4 protein chains.
Amino acid sequence: MIIVLRPDATKKQIDHIIEKVKKLGLKSMVSQGIERTIIGVIGEEDLLRVQPLEAYPGVEKVMSILKPYKLVSREFKKENSIVDTDGVKIGGKKIVVMAGPCSVENLEGLRKIGRAVKASGALILRGGAFKPRSSPYSFQGLGEEGLRYLNEVKKDTGLKIVTEVMDTRDVELVEKYADMLQVGARNMQNFNLLKEVGLSKKPVLLKRGISSTIKEFLMSAEYVLSNGNFNCVLCERGIRTFEDSTRFTLDLNAVPLIKSLSHLPVIVDPSHGTGKWDLVGAMSRAAIAAGADGLIVEVHPNPEDAYSDGAQSLLPEKFDAMMKELAPVAKAVGREL
Amino acid sequence: MIIVLRPDATKKQIDHIIEKVKKLGLKSMVSQGIERTIIGVIGEEDLLRVQPLEAYPGVEKVMSILKPYKLVSREFKKENSIVDTDGVKIGGKKIVVMAGPCSVENLEGLRKIGRAVKASGALILRGGAFKPRSSPYSFQGLGEEGLRYLNEVKKDTGLKIVTEVMDTRDVELVEKYADMLQVGARNMQNFNLLKEVGLSKKPVLLKRGISSTIKEFLMSAEYVLSNGNFNCVLCERGIRTFEDSTRFTLDLNAVPLIKSLSHLPVIVDPSHGTGKWDLVGAMSRAAIAAGADGLIVEVHPNPEDAYSDGAQSLLPEKFDAMMKELAPVAKAVGREL
Amino acid sequence: MIIVLRPDATKKQIDHIIEKVKKLGLKSMVSQGIERTIIGVIGEEDLLRVQPLEAYPGVEKVMSILKPYKLVSREFKKENSIVDTDGVKIGGKKIVVMAGPCSVENLEGLRKIGRAVKASGALILRGGAFKPRSSPYSFQGLGEEGLRYLNEVKKDTGLKIVTEVMDTRDVELVEKYADMLQVGARNMQNFNLLKEVGLSKKPVLLKRGISSTIKEFLMSAEYVLSNGNFNCVLCERGIRTFEDSTRFTLDLNAVPLIKSLSHLPVIVDPSHGTGKWDLVGAMSRAAIAAGADGLIVEVHPNPEDAYSDGAQSLLPEKFDAMMKELAPVAKAVGREL
Amino acid sequence: MIIVLRPDATKKQIDHIIEKVKKLGLKSMVSQGIERTIIGVIGEEDLLRVQPLEAYPGVEKVMSILKPYKLVSREFKKENSIVDTDGVKIGGKKIVVMAGPCSVENLEGLRKIGRAVKASGALILRGGAFKPRSSPYSFQGLGEEGLRYLNEVKKDTGLKIVTEVMDTRDVELVEKYADMLQVGARNMQNFNLLKEVGLSKKPVLLKRGISSTIKEFLMSAEYVLSNGNFNCVLCERGIRTFEDSTRFTLDLNAVPLIKSLSHLPVIVDPSHGTGKWDLVGAMSRAAIAAGADGLIVEVHPNPEDAYSDGAQSLLPEKFDAMMKELAPVAKAVGREL
């Protein structure tokens, strides 16, 4: 931690800070520059991080040297983590594709989609039973009934199930049916929910918040790991920017950057990341070329009747064509689909 | 709802859309322009809003005519709503100031702050017992113990209590102690939590999400009102932008804009909105001049020992000076403090 | 300057950096932490700033201690600068209001506006003769003819003239007619233009770019001052964010923050900052309450016939009413209008 | 154009609007909804676009049906444009890579880089002779001397030259030496400069502004084309967002989106788009997989001595390795390198 003092900081103020640092069991080094004095603090940075150093008299700014996350960091674990989702391994050579409708709407439709995406090469079925919707008047999901449908299609197709949990009270229920618990973008900083899924035995798919920095994203993952669950997959799904011709701005920079900072697998959601089905193919190819370990894609046999997100859903035949185009890209970067 | 067709939309596609619209019991008007055909749809726009019209073949874009919220809108209720918080009225001529520490830390400290802010003119005591923290390693709040301290200081000072609830499971508990339930910025789209506080008898203080549009903010308030709780106060607390020399960008445009769109009271949080205690005074004055109905301000007798947000907390004496400077500004815009 | 090394930095890499620092005539201090080694560099930070230290092997990140601007800083000059615009003093006790149409359209209209805003208390007439327009098909301004009209109205009313210069080739021409040269938001980083107005004898009104940080804003002003022109007024006019219900997000935090960082006067443009005439009054009051030294406001007698920016222009009678409401706010913060 | 009226719009206000529309030679259709009346206007939307309809009494909002650009649009020209840069064709099957240093620093260094990037497969040499720098105290480029060096290396290697022009006064000079005129991100809305390069016979490389929407980007290109120069290549180079762990957020969504909206070639700048050399390889692969027609990459033999942008520059050997990795990705999407 580096503490930069104001040009008019007094000796008394400096001594006061040094005293505090000492009380915390840390060592400080004062360095007198031409225009500024700075204090470097050596020792457990976490002890200092909780101190509001910027509130101390004489302090201009405080700069952190170390990263605020540990367990998720590449420094904690050098090799890539591989997350096992009931047998499907995410983070290895094989690119894992999750596909399915935005919302679970009915059993027959879901079965149809499940069979289709399975045939095209998807390994995990996505579908929302609990749906976070901006409007209280929109379809809010089928709840447990939707979970049962997902399970039904799992039995039928062998696809594993990923589905969102939105409420701490529902974690136990969703765990019963799902192979992987999705924490949605709006809940990336719902810390109580993160703690609950961190206590679960099921792997977690953590989506990045639409206005979360990569640092905050990794700190939310730290909540999951620090509660004991190391099976956490990160998902870049677009951030909110000024650009309004796409639903979000897919931040593919995040893929190689997170891979360098963390050992956790990273997948990409090109459906939410663009909001337009006709951009999904190009951005799926880009995601894999950037190094993503997988994709999560919305597929619906009849997007115009979808209860949600129709505009960004692929028809099963378009999804199939996309998967065929992805295979050579995966190969070009040393992966397989 | 206006549906703009692609230049190459076929007659069959147009007929298909008209058919759908008809089935929903709505009327469509086709208008043939020089470069584009558009379809105007007349009737309950909500029926259409849930249709993914952009997924229909031949459609280029869909434009909404009406606002997606109802109960919170100025059109639903012309006069300003006044929210009664155990006798303190928010939304009337009097500017209501809520003040207190970021976190409740101990009873004695809280009592001291409570007495100080009361003496300076605050009417409501703020203080977090449950704290959303980016890092799992930061202080997470005292929980029920903190709530008891708040209640204790209420008895002592007569200040009303506003405190955050973060988890659907805690609503019942927090209701027992608080006069007003705060939903924090990170939970503005925690829809299950919004439903729960919407079912409460206690007024709600809803903070704007750091990347929420004003439309989304009002739709979240719509969740509260549509569940039966019309005692909802909105709080602008800064949005996330590229500017990094302040913690957030306080969006004061939101104050007069929301007052024109909605009947609900609007208050401003200059502490989070700037992240710097030395900007809090100026931005408090600006908020009131812009038409805010109140303020929520962090005050701590010893910011350098605060468990959280020390850098943006005012000393009680600075808070007192600020209140004195606010009074003439309130008067200048026809309000009182 | 603090150089943070990677955990795997070698002694050779560290020595290499120390060697470089030494060659520049600077002194380095190595500090060995538990997880990281850091190198503090003492001496002229500017010498180092031009070195791409992050490109050196073994370096993780580089943190600046000092601000990159000098002449504009509060440290360079403690007291507030007052900019004299042909007798109108900006930056003193008196709030200076600049008002007029977005574009100069014709002499009679301009004269009418000029007389009206003068009567309401404006001291400077604004109006664009050269107009930056997103579309090549929009009205591009009257050019020199517009400048002559402005000058004509100056003679008639005594108002001083501020008008935009967009092209290095036009600086000489605009100088002939204008009392103050405006550099628009789109040109805030048109460095050649900044140099030219920096060489001018006329004061400069520098508008903040829509995506410029306050640091970059001050560095652009540094271009003006470092070329010899210390008569520079800064203008906050809204930044681009995700919020789309206003044209821009007016960043009033910038007002007290810039006043603390710099000695230059700061004014606010509530017309562009909101894009909606019905928010201009509230945000003008807020700007003054936040500490602004002046305002620049769009006024048009017939907004629906304005060649540009009609939606954000005030009618002269609304402007007059606004000025009357501003006076008590100015007084409440110890200023006068 | 759709004009949505306020709920309280009077018949007189509606008639007034219809009258105006009629005077412009356009036809209006009034449609009475349950909550709102709307007026659809048929005819040349451009005639209306310049009218500040939102300033008319009774108007709530105005919605555009048509795009504001013409010549750059896919509707104007269905097939892809191919831009010929002294024989190098951009926009065809072959991916064109432009590479070189941020700034031209000296002849020998430039020659070395030129030979290296040529050997690795680059076809165009990039290098700045005029440099836009945030600080007046940073290296500002060699000017004409730099242009001569570029020309020298062109003779030596056969590489074509792209270099930035920042000032309308320099267009003639830069044209003499360059094969392609670059308009930088900061000048994307320097409309006078756009007009000048639009009058040039040399092709233009137009970089997207860091806070420009795709619509604004295309409208800036419209300035170039509408002045007669159809040889315009667009470059996505990252936009400014809240994310601060990369220098910018590379918006690859823009690539397939612009390809669908416009016939112009699109290239990507992964060096500025990330600001980190170790992300350049991954994002180059992603850009090509997303459909980019080319890349522009910073390469420097000794990044730690670069006068600018060292942190994002590749060593020639890393560039060479990257080119080898790009080839199979290009092939996987049906292109060649």
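The values are calculated or read from the model by the stated rules, or taken from the named source; none is laboratory data. What you see is a predicted model, and the numbers here were worked out from it, not measured in a lab. Cβ sites come from the backbone with ideal geometry, for glycine too, and all protein chains shown count toward neighbours.
Among the residues of the stretch D:5-28, those identified as surrounded by 14 or more Cβ atoms within 10 Å (Cβ to Cβ) and in contact with a Ser or Thr (Cβ under 8 Å, 6 or more places away or on another chain) are D:L5, D:A9, D:I14, D:I17, D:I18, D:V21.
May I ask you to say which residue of A:K89, A:K67, A:K77 is part of a loop (DSSP other than H, G, I, E, B) and touching a strand residue (DSSP E or B) at 6+ places or on another chain (Cβ under 8 Å)?
The unique qualifying residue is A:K67.
Would you pick out the residues in the stretch A:126-159 that are closer than 13 Å to A:P101 by Cβ, over 24 Å from the mean Cα position of the chain (by Cα) and more than 8 Å from chain B (Cβ to nearest Cβ)? Within the stretch A:126-159, A:L142, A:Y149, A:V153 qualify. Surrounded by fewer than 24 Cβ atoms within 10 Å (Cβ to Cβ) and either outside the structural domain of B:E216 (by TED's automatic domain parsing) or farther than 23 Å from B:G109 by Cβ (or both): is that true of B:G334 in this structure? It is true that B:G334 is surrounded by fewer than 24 Cβ atoms within 10 Å (Cβ to Cβ) and either outside the structural domain of B:E216 (by TED's automatic domain parsing) or farther than 23 Å from B:G109 by Cβ (or both). Starting from residues that are charged (D, E, K, R) and under 30 Å from C:M323 (Cβ atoms), keep the ones in the stretch B:279-309 and report whichever is farthest from the other protein chains (Cβ to nearest Cβ). So, considering only residues that are charged (D, E, K, R) and under 30 Å from C:M323 (Cβ atoms), the one farthest from the other protein chains (Cβ to nearest Cβ) is B:D293. If you check A:G109, A:G121, A:G128 for being surrounded by 22 or more Cβ atoms within 10 Å (Cβ to Cβ) and either closer than 23 Å to A:L295 by Cα or among the β-branched types (V, I, T) (or both), only one passes: A:G128.
Here D:N231 clears all of (1) without any contact (Cβ under 8 Å) to a residue 60 or more places away in the chain; (2) more than 7 Å from every other protein chain (Cβ to nearest Cβ); (3) under 30 Å from D:K176 (Cα atoms) except the condition numbered (1). Out of (1) outside any loop (DSSP other than H, G, I, E, B); (2) surrounded by fewer than 21 Cβ atoms within 10 Å (Cβ to Cβ), the odd one out for B:A99 is which? Result: B:A99 passes all but (2). Per the listing B:V62, B:V162, the residue uniquely β-branched (V, I, T), under 22 Å from the mean Cα position of the chain (by Cα) and part of a strand (DSSP E or B) is B:V162. From the list D:L150, D:L66, the lone residue that is buried (at least 24 other Cβ atoms within 10 Å of the Cβ), in contact with a helix residue (DSSP H, G or I) (Cβ under 9 Å, 6 or more places away or on another chain) and among the aliphatic types (A, V, I, L, M) is D:L150.
Take the stretch C:238-252 and flag every residue that is facing chain B (nearest Cβ under 7 Å) and of a type outside the set (A, V, I, L, M).
Within the stretch C:238-252, C:T241, C:F242, C:E243, C:D244, C:S245, C:T246, C:T249, C:D251 meet the criteria.
Of the residues making up the stretch D:311-320, those that are part of a helix (DSSP H, G or I) and at pLDDT below 95 are D:A311, D:Q312. Given the condition over 28 Å from D:R169 (Cβ atoms), more than 10 Å from chain C (Cβ to nearest Cβ) and surrounded by fewer than 24 Cβ atoms within 10 Å (Cβ to Cβ), answer yes or no: does some residue in the stretch D:199-219 qualify? Yes, the stretch D:199-219 contains at least one residue that is over 28 Å from D:R169 (Cβ atoms), more than 10 Å from chain C (Cβ to nearest Cβ) and surrounded by fewer than 24 Cβ atoms within 10 Å (Cβ to Cβ).
If the condition is being out of contact with any strand residue (DSSP E or B) (no Cβ under 6 Å at 6 or more places or on another chain) and of a type in the set (S, T, N, Q), then the stretch B:94-124 contributes B:N106, B:S120. Only residues that are among the aliphatic types (A, V, I, L, M) and within 19 Å of the chain's Cα centre (by Cα): list them for the stretch B:86-122, please. If the condition is that a residue be among the aliphatic types (A, V, I, L, M) and within 19 Å of the chain's Cα centre (by Cα), then B:V88, B:I90, B:I95, B:V96, B:V97, B:M98, B:A99 are the ones that fit. Exactly one condition in (1) under 17 Å from the mean Cα position of the chain (by Cα); (2) within 14 Å of another protein chain (Cβ to nearest Cβ) is not met by C:E75; state its number. Every listed condition holds for C:E75 apart from (1).
The number of residues in the stretch B:78-96 that are surrounded by 15 or more Cβ atoms within 10 Å (Cβ to Cβ) and within 14 Å of another protein chain (Cβ to nearest Cβ) comes to 1. Remark: B:E54 matches the filter, which requires a residue to be farther than 28 Å from A:N190 by Cα, part of a helix (DSSP H, G or I) and in contact with a strand residue (DSSP E or B) (Cβ under 6 Å, 6 or more places away or on another chain).
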